[in-house]
Amino acid sequence: MKLLQPFTPSLYTQEQIQHWQSVTQAVHQQGGLIFAQLWHTGRVAHSIDRAGQLPVAPSPIAIQSMQHFTSQGLQHFEPPCELTLEEIQQTIADYAQAAKNALAAGFDGVQLHAANGYLPQQFFADSSNQRQDQYGGSLANKARFTLDVMQALIEAVGGERVGIKISPLHPYADIAFDDPIASYDYLISQLNQLDFAFVELMKRVPMFPLLPHYPQQDEIALFGSKIRQTLIAGTGYNRDSGEQELNKGIANLIAYGTTFLANPDLPTRFAQNAPLNTADRNTMFGGGEQGYLDYPTL
């Protein structure tokens, strides 16, 4: 899928596929597995990095609460172009092609990024979808895009190679649901009818305040037991809290992001209960090697 974002690795040309093969081979040589996370950022984009073309979304509603990191620095978000039905079908096909490209590059599978205010969640959320066709209006219609993409991925590469990431209560990028429990209960119930590998359930990042009408419960407790597939719990876990989460018997696995970035030998450190490096957030998403390849190992 062709995504135009600064400093973002892509997977839509043969040259990119070939270069990814060296990465996936290195992972496999160490006995690991590697999945490609498939993005479409939708309105979380800017024309500066799209050759002057506005980003696309289910409805022409701009993000107001934040700015976008572009190749020319922070910029206010623009009202996106509303996707036509034909463009929606092409986007779904693009996801399927991206999954095929990932396997050609040696990835073991793919994960649909349906969290963090990206395109699937833009279709699903009340705050970003004002359509009145088959992809808007009712709860079932708003969920349709995510489910259609998941079905396309399963058909493209097989359900055992497909996962999805969701963030029910994370309000990043002006994402809001009138009733998040009803919305995600429905989405999960529909996902449960599909044959695929795993769901990564992302908790709200603490720096983003909980919306006033949102439930106070922990997302893993609130939604986790309703998920039929293998459940990965994510966001802000350390060694002890991750172990505690697993001991509750809901999540099967714990996802580590920032902590792993700052500690390339994280499993060893966890096993030894060793001190951890602190991540330098000032170097994240900047495109250089500093803050990505230079953290010390034990």
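The values are calculated or read from the model by the stated rules, or taken from the named source; none is laboratory data. Quick caveat, the model's predicted, so the values are computed rather than measured. Positions of Cβ are generated from backbone atoms using ideal geometry, with glycine treated the same way; all protein chains shown enter the neighbour counts. Protein only, heavy atoms only, side chains kept; ligands, DNA and RNA dropped before computing areas. Shrake-Rupley method; radii C 1.70, N 1.55, O 1.52, S 1.80 Å.
At-a-glance table
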{"item": "By accessible area with a 1.4 Å probe, ligands and nucleic acids excluded, highest first: order of 157, 27", "result": "27, 157"}
{"item": "Estimated 222 nm signal from helices in the chain, with DSSP H stretches of n ≥ 4 weighted -39500 (n - 2.57), rounded to 500", "result": "-10000 deg cm²/dmol"}
{"item": "Accessible area (Å², per residue) of the stretch 1-123, counting only protein heavy atoms and a probe of 1.4 Å", "result": "47"}
{"item": "Cβ-based charge dipole, the chain, positive-most Cα from 36, 59, 295", "result": "295"}
{"item": "Segment residue 294-residue 47, length gained on full extension (0.36 nm per residue, minus Cα span)", "result": "85.7 nm"}
{"item": "Extension gain, residue 27 back to residue 93 (0.36 nm per residue minus Cα-Cα distance, nm)", "result": "20.9 nm"}
{"item": "Cα gyration tensor shape of the stretch 1-70, rounded if a/c is under 1.5, else prolate or oblate by comparing a/b with b/c", "result": "prolate"}
{"item": "Prolate/oblate/rounded call for the stretch 7-159, Cα gyration tensor, a/c under 1.5 rounded", "result": "oblate"}
{"item": "Relative counts (whole %) of C-alpha pair distances in the stretch 222-269, using bins that are 10 Å wide", "result": "25, 51, 20, 3"}
{"item": "Charge tally in the Cβ shell below 12 Å around residue 238, where Lys, Arg are +1 and Asp, Glu are -1, residue 238 excluded", "result": "-1"}
{"item": "Karplus (6.51, -1.76, 1.60) ³J(HN,Hα), θ = phi - 60°, over the stretch 216-232, in Hz, Gly and Pro reported as x", "result": "7, 5, 5, 5, 5, 5, 6, 10, x, 5, 8, 8, 7, 7, 3, 10, 10"}
{"item": "Residue 134/residue 176 FRET efficiency (R0 30 Å; Cβ-Cβ; nearest 0.05)", "result": "0.85"}
{"item": "Prolate/oblate/rounded label for the stretch 118-178 (Cα gyration tensor, a/c 1.5)", "result": "oblate"}
{"item": "Dipole in debye (nearest 20) - the chain, about Cα centre, beta carbon charges: Lys, Arg +1; Asp, Glu -1", "result": "200"}
{"item": "Full-stretch length increase - residue 276, residue 185 - with 0.36 nm per residue and alpha-carbon distance subtracted", "result": "29.1 nm"}
{"item": "Within the stretch 122-203: Cβ-based charge dipole about Cα centre, in debye rounded to nearest 20 (Lys, Arg +1; Asp, Glu -1)", "result": "120"}
{"item": "Accessible area in square angstrom per residue, the stretch 164-298, 1.4 angstrom probe", "result": "52"}
{"item": "Partners for residue 142 among lysines (Cα-Cα distance below 23 Å; same-chain residues under 8 apart left out)", "result": "165, 203, 226"}
{"item": "Per-residue HN-Hα couplings for the stretch 253-267 [Karplus 6.51, -1.76, 1.60; θ = phi - 60°; Hz; x = Gly/Pro]", "result": "9, 10, 8, 10, x, 4, 4, 6, 4, 7, 9, x, 10, 3, x"}
{"item": "Long-range amide H partners of residue 230 with built H, under 5 Å", "result": "199"}
{"item": "Accessible area of the stretch 188-298 belonging to carbon and sulfur atoms, whole % at 1.4 Å probe", "result": "52"}
